[in-house]
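The structure appears below as structure tokens.
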Number of protein chains: 2
Amino acid sequence: MTELSRRRLLTGAGLAVGGGAVVAAGAGLLRQTEQAPRSVLAAGSDQSIAFHGSHQAGIATPVQDRLHFASFDLSTDSREDVVAMLKAWTAAAVQMTEAKEVGGGATGAELAPPDDTGEAIGLPASRLTLTVGFGPSFFDKLKLPKPEGLKELPHFPADKLDPARSGGDVCVQACADDPQVAVHAIRNMVRMGFGAASIRWSQLGFGKTSSTTPNAQTPRNLMGFKDGTNNIAATDEQKLDTHVWVGDEGPEWMRGGSYLVARRIRMHIETWDRTSLKEQEDIFGRTKREGAPYGGTREHDPVALDKLPIDSHVRLAHPDSLGGATILRRGYSFTDGSDGLGRLDAGLFFLAYQRDLEKGFIPIQRALAAKDTLNEYIQHVGSGVFACPGGVSPGSFWGAALLA
Amino acid sequence: MTELSRRRLLTGAGLAVGGGAVVAAGAGLLRQTEQAPRSVLAAGSDQSIAFHGSHQAGIATPVQDRLHFASFDLSTDSREDVVAMLKAWTAAAVQMTEAKEVGGGATGAELAPPDDTGEAIGLPASRLTLTVGFGPSFFDKLKLPKPEGLKELPHFPADKLDPARSGGDVCVQACADDPQVAVHAIRNMVRMGFGAASIRWSQLGFGKTSSTTPNAQTPRNLMGFKDGTNNIAATDEQKLDTHVWVGDEGPEWMRGGSYLVARRIRMHIETWDRTSLKEQEDIFGRTKREGAPYGGTREHDPVALDKLPIDSHVRLAHPDSLGGATILRRGYSFTDGSDGLGRLDAGLFFLAYQRDLEKGFIPIQRALAAKDTLNEYIQHVGSGVFACPGGVSPGSFWGAALLA
């Protein structure tokens, strides 16, 4: 290993593999070996991400490997019931993100159902984050004032949205490096929500397609491309304040929060796979192997818009083409069996966070829906928009400032 | 870390984390950092599993973390077309299991579709294995003699099999520690099969529930239990020969192969989660936290059948209750969104390998279907049975001895 590559290894992707980290990984290993061995032992997966803070975790947090996203419908119009659920969810989230059992692992009550469903016992924290958002219908059902920034998305040409995969009153985004930890979290929230909310739709994402780590290579999507290279870095506080976190323009409970757009984007991968390399590259405006923008040689080389085909994805979605419109991407690849027509039901579950939908997803998608040559190969089949409140303080709960 | 726990760390689950392995992990890290960084860097995930051998890889191989399983229907009755597909699949499998691109990464033909779909470029081998099996209908369609050992499963009480998730002419089991690597493999086989076979159903498994590592703790299923503790170890050649590998009783092409039963088992987790700990434990005949059989204190303590409730899962499925009936388990948890009734569509995708179905899955499932108290909480909703031929020699291809 050369000195240069060694240094890149140590710092390039924000990864520490020095002595301390090895010890930490060793402790994680030990725990896994004793409790629930996995053949892949994730260095760093024993890390926990702080739940409390001025922003919710899971937005600017370096993107974890796996996702379980759930959208719930309220089955009550009682604010008290919803507050009770959100309090229970918050308490459980604090425990789960610290790799503790829901309920703290109390024993003895063997005639009662366990407080925790158990499938994550012994697994490390796996950098679990849980992020909650409220859809427009949440405010209608509970007769609460809707923030001005939260609006239903317009219809975009070629949208083919399935109501059963769209909308919802409350969403929970669970991200973790171990899918079992993410699924466990959502499943326990479903369980605790019984009587107040039931699941409307959910989505597993098996592979992240975004990075918020500065200068890191972007993981590839199911088209084989690195897309969203120009993402906001988790460390770029100025850009986060400008483009992601709601400021004084929002109601108090939304300050430090963000608006989330979730889109289930089916890819027609069979058609894509029969398209020439040149056409694929022209559509993105990037090389496939390296991910370099046309005119550059490396993924992170600056994008010269005039070197890109006029209707290419990168050019159309670039902030310079759209008066600065910018989002923070946290998308995941999905494969949900097949569609009955001999094709895999696969694509991108796209998650975009922004301070202002009108300066984020809406103008970007308007441009893409109108002109993007990629449209021949994709279709938006699910959609949701949610107001994710600011961070939770110790002792408080999700949505406290809105509901209390 | 105590000396004892350190030793357990080094040997307990068959994991080497000594100097050599650290170097190997470092090399894997480097590659990932340069190409497609992942926040979880899997020690050992840069390992590749040999494709060639006297048995197919992916059966006795230590169980990888993730699964993508696909069942295909032939769209041709031409043996030539099928041979051509199996040859192409085999060549690609050799490349993919070595973390190479399909086609070897040839460049230049930018007016042709790429040979590889690209989403795994830069990812390590991740211990990918690809295992092929032929369903009963494969032999009918191609007018080939069906091995005596391959028969349709009988109907079991309470089966509620969905034809769209059952059967199929050819199956491919892709196991890997990185789901993107497993999905990439299946997707490329779908692509290469175009014209000869199309996908009938597929299943993603996000978390393994079985271990074939001697004395390792069994990963928990979505009921929070360790099930299948008494699995056959990958190192126990005598048990493998007795219970898993087909011997002289089978046609030549099946020797060293195995019969695979795949069952999609939906769990009614919402009901389960409202069941008392005592009832849950009585149903399995094991403690939930440790996984110890009733009468024991540790997971791997010997099972004393008379200490277990008479209709408990462990007692009913135990070889001593069934004249020695034994299977090798490679099951995975799944969560496929929700079912439209506010419930997660979650459960166990059960994969059982055996030398003889009549001394393996069939008597076990007959006993469980008749008496298992677990039946209140599960339902079998998909099913397939496949003859997985013996191993592939270098230069040969899957099914050569059957088809050539």
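The values are calculated or read from the model by the stated rules, or taken from the named source; none is laboratory data. What you are looking at is a predicted structure, and each value in this text was computed from that prediction instead of being measured. Using ideal geometry, Cβ is built from the backbone for each residue, glycine included, and neighbour counts are taken over all protein chains shown. Note: accessible area is taken over every heavy atom of the protein model, side chains too, but ligands, DNA and RNA are not part of it. Shrake-Rupley method; radii C 1.70, N 1.55, O 1.52, S 1.80 Å.
One residue is enough: does region B:243-260 have a residue meeting the conditions in contact (Cβ under 8 Å) with a residue 60 or more places away in the chain, within 14 Å of another protein chain (Cβ to nearest Cβ), of a type in the set (Ser, Thr, Tyr) and surrounded by 21 or more Cβ atoms within 10 Å (Cβ to Cβ)?
First, pick out the residues of region B:243-260 that are in contact (Cβ under 8 Å) with a residue 60 or more places away in the chain: B:243-247, B:249-260.
Now narrow it down to the ones that are within 14 Å of another protein chain (Cβ to nearest Cβ): none.
For region B:243-260, residues in contact (Cβ under 8 Å) with a residue 60 or more places away in the chain, within 14 Å of another protein chain (Cβ to nearest Cβ), of a type in the set (Ser, Thr, Tyr) and surrounded by 21 or more Cβ atoms within 10 Å (Cβ to Cβ): absent.
To keep it simple, each residue is scored yes or no on (1) assigned to a loop (DSSP other than H, G, I, E, B); (2) farther than 17 Å from A:Phe361 by Cα; (3) modelled with pLDDT under 95.
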{"position": "A:Thr235", "(1), (2), (3)": "yes, yes, yes"}
{"position": "A:Tyr259", "(1), (2), (3)": "no, no, no"}
{"position": "A:Glu279", "(1), (2), (3)": "no, yes, no"}
{"position": "A:Ile283", "(1), (2), (3)": "no, yes, no"}
{"position": "A:Pro302", "(1), (2), (3)": "yes, yes, yes"}
{"position": "A:Asp311", "(1), (2), (3)": "yes, yes, yes"}
{"position": "A:Gly337", "(1), (2), (3)": "no, yes, yes"}
{"position": "A:Ala346", "(1), (2), (3)": "no, yes, no"}
Determine which member of the set B:Gly224, B:Gly195 is within 10 Å of chain A (Cβ to nearest Cβ), at positive phi and either out of contact with any Lys or Arg (no Cβ under 6 Å at 6 or more places or on another chain) or open to solvent by less than 20 Å² (accessible area, probe 1.4 Å) (or both).
-> B:Gly224
Residue set A:Ala57, A:Ala70, A:Ala42; condition in contact with a strand residue (DSSP E or B) (Cβ under 7 Å, 6 or more places away or on another chain), within 28 Å of B:Asp273 (Cβ to Cβ), at pLDDT below 95 and surrounded by 17 or more Cβ atoms within 10 Å (Cβ to Cβ); output residue A:Ala42
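Scan region A:188-219 residue by residue and report those that are closer than 24 Å to A:Thr275 by Cβ and touching a residue at least 60 places away in the same chain (Cβ under 8 Å). Outline the logic, then answer.
Just the residues of region A:188-219 that are closer than 24 Å to A:Thr275 by Cβ, to begin with: A:206-207, A:209-210, A:217-219.
Once the filter is applied, which keeps residues that are closer than 24 Å to A:Thr275 by Cβ and touching a residue at least 60 places away in the same chain (Cβ under 8 Å), region A:188-219 yields A:Phe206, A:Gly207, A:Thr209, A:Ser210, A:Gln217, A:Thr218.
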Run down B:Ser333, B:Ser383 and say which single residue is touching a residue at least 24 places away in the same chain (Cβ under 8 Å), touching a Leu at 6+ places or on another chain (Cβ under 9 Å), away from chain A (no Cβ under 14 Å) and part of a strand (DSSP E or B).
-> B:Ser383
Do you know which of the residues in region A:152-166 that are open to solvent by 70 Å² or more (accessible area, probe 1.4 Å) and not hydrophobic (A, V, I, L, M, F, W, C) is modelled with the lowest pLDDT?
-> A:Pro157
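Could you pull out the residue among B:Asp320, B:Asp339, B:Asp282, B:Asp306 that is within 14 Å of chain A (Cβ to nearest Cβ), without any contact (Cβ under 8 Å) to a residue 40 or more places away in the chain and surrounded by fewer than 22 Cβ atoms within 10 Å (Cβ to Cβ)? Explain how you work it out, then say what you get.
Numbers: B:Asp320 fails: within 14 Å of chain A (Cβ to nearest Cβ); B:Asp282 fails: without any contact (Cβ under 8 Å) to a residue 40 or more places away in the chain; B:Asp306 fails: within 14 Å of chain A (Cβ to nearest Cβ).
Residue meeting the stated conditions: B:Asp339.
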Within region B:67-105, restricting attention to residues that are assigned to a loop (DSSP other than H, G, I, E, B) and over 25 Å from A:Ser333 (Cβ atoms), which residue is nearest to the other protein chains (Cβ to nearest Cβ)?
-> B:Ser75
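Can you confirm whether A:Gly133 is free of Cβ contacts under 8 Å to residues at least 24 places away in the same chain, open to solvent by less than 10 Å² (accessible area, probe 1.4 Å) and either touching a strand residue (DSSP E or B) at 6+ places or on another chain (Cβ under 7 Å) or in a loop (DSSP other than H, G, I, E, B) (or both)?
On the way: free of Cβ contacts under 8 Å to residues at least 24 places away in the same chain: no; open to solvent by less than 10 Å² (accessible area, probe 1.4 Å): yes; either touching a strand residue (DSSP E or B) at 6+ places or on another chain (Cβ under 7 Å) or in a loop (DSSP other than H, G, I, E, B) (or both): yes.
No, not satisfied.
Is it the case that B:Arg274 is within 14 Å of chain A (Cβ to nearest Cβ), within 28 Å of B:Gln203 (Cβ to Cβ) and open to solvent by 40 Å² or more (accessible area, probe 1.4 Å)?
Working: within 14 Å of chain A (Cβ to nearest Cβ): yes; within 28 Å of B:Gln203 (Cβ to Cβ): yes; open to solvent by 40 Å² or more (accessible area, probe 1.4 Å): yes.
Yes; evaluated as a whole, the condition is true for this residue.
A:Glu290 - would you say it is of a type in the set (D, E, K, R), surrounded by fewer than 17 Cβ atoms within 10 Å (Cβ to Cβ) and within 14 Å of chain B (Cβ to nearest Cβ)?
yes
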B:Ser211 vs (1) in contact with a strand residue (DSSP E or B) (Cβ under 8 Å, 6 or more places away or on another chain); (2) facing chain A (nearest Cβ under 8 Å): all pass except (1)
Any residue in region B:363-382 that is among the small types (Gly, Ala, Ser) and open to solvent by less than 10 Å² (accessible area, probe 1.4 Å)?
-> yes
With B:Asp177, B:Asp140, B:Asp169 as the choices, which residue is touching a Lys or Arg at 6+ places or on another chain (Cβ under 8 Å) and surrounded by fewer than 17 Cβ atoms within 10 Å (Cβ to Cβ)?
-> B:Asp140
If you scan region B:144-181, which residues turn out to be among the basic types (Lys, Arg) and either closer than 19 Å to B:Met96 by Cα or in a loop (DSSP other than H, G, I, E, B) (or both)?
-> B:Lys146, B:Lys151, B:Lys160
When you look at A:Tyr294, is it hydroxyl-bearing (Ser, Thr, Tyr) and without any contact (Cβ under 8 Å) to a residue 24 or more places away in the chain, yes or no?
-> yes
Residues B:Gly118, B:Gly149, B:Gly104, B:Gly122: which one is open to solvent by 20 Å² or more (accessible area, probe 1.4 Å), over 28 Å from B:Trp245 (Cβ atoms) and not aliphatic (A, V, I, L, M)?
-> B:Gly104
